[in-house]
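Working notes for the structure below.
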Amino acid sequence: MKTRLRSGNACYHSVQKLLSSRLLSKNLKIKIYRILILPVVLYGCETWSLTLREEQKLRLFEIMVLRRIFEPMRYEVTGEWSILQNEELNDLYSSPNIVRVIKWRRMRWAGHVACVGEERGVYRVLVGKPEGKRPLGRPRYASMVWTCSKNGRGEITKRSYEMEPTRKKQTR
């Protein structure tokens, strides 16, 4: 999650001048946020297990971007400038916050996993019943098996080989 937030921060800083420009409308700035920045931050969020501190960091990132988009407001009566409060930003943004989007995507992903079938490993992890033991290390390809096909006259018509995976014994 930290790397996604760092990448999103880099993306935010690359479009920061666009978000603070007075030439672009607020709707266009929100589209820039949703299309360019948000997918970078939310990539792979379906598998995250968020703590409250991480949810706060994500929320702070979103508030930082929204403050840049909506800028300080000037009160017409007093003529003073004021930074918008978080509730006001949420009302102006009128979309679910980033934590709610993550929870929605996680539920959608769980629905997909529930439909894949019981033999898939992802389903077993979701249900909480992983069985068996995975071997240590990566599979090694140690031997090749050559097969030759011969026609009726004894001529070789097809040659192929297959690699049989064997695992290296782990020594401690």
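The values are calculated or read from the model by the stated rules, or taken from the named source; none is laboratory data. No experiment lies behind these values; they were computed from the predicted model shown. Virtual Cβ from ideal backbone geometry, glycine too; neighbours counted across all protein chains shown. Side chains included, ligands, DNA and RNA excluded: accessible areas come from the protein's heavy atoms. Shrake-Rupley method; radii C 1.70, N 1.55, O 1.52, S 1.80 Å.
Some notes on this structure:
- Residue in the stretch 55-68 that is among the hydrophobic types (A, V, I, L, M, F, W, C), within 12 Å of the chain's Cα centre (by Cα) and closer than 30 Å to HIS112 by Cα present: no
- No other residue among LEU19, LEU24, LEU38, LEU28 is outside any helix (DSSP H, G or I) and either of a type outside the set (Phe, Trp, Tyr) or touching a residue at least 12 places away in the same chain (Cβ under 8 Å) (or both) apart from LEU24.
- Leading residue by the ranking (farthest from GLN85 (Cα to Cα)) among those in the stretch 12-23 that are open to solvent by less than 50 Å² (accessible area, probe 1.4 Å) and over 23 Å from the mean Cα position of the chain (by Cα): SER21
- TRP109 being modelled with pLDDT under 80 and among the hydrophobic types (A, V, I, L, M, F, W, C): no
- Qualifying residue in the stretch 150-169 (condition: modelled with pLDDT under 65 and at positive phi): yes
- Across the stretch 44-83, the number of residues qualifying as in contact (Cβ under 8 Å) with a residue 12 or more places away in the chain and either assigned to a loop (DSSP other than H, G, I, E, B) or out of contact with any Ser or Thr (no Cβ under 8 Å at 6 or more places or on another chain) (or both) comes to 23.
- If you go through the stretch 37-90 and keep only what is open to solvent by less than 40 Å² (accessible area, probe 1.4 Å) and over 15 Å from VAL101 (Cβ atoms), you end up with ILE69, PHE70, GLU71, GLY79, SER82, LEU84, LEU89.
- Taking the criterion of being surrounded by 12 or more Cβ atoms within 10 Å (Cβ to Cβ) and touching a residue at least 40 places away in the same chain (Cβ under 8 Å), the residues of the stretch 96-109 that qualify are ILE98, VAL99, VAL101, ILE102, ARG105, ARG106, TRP109.
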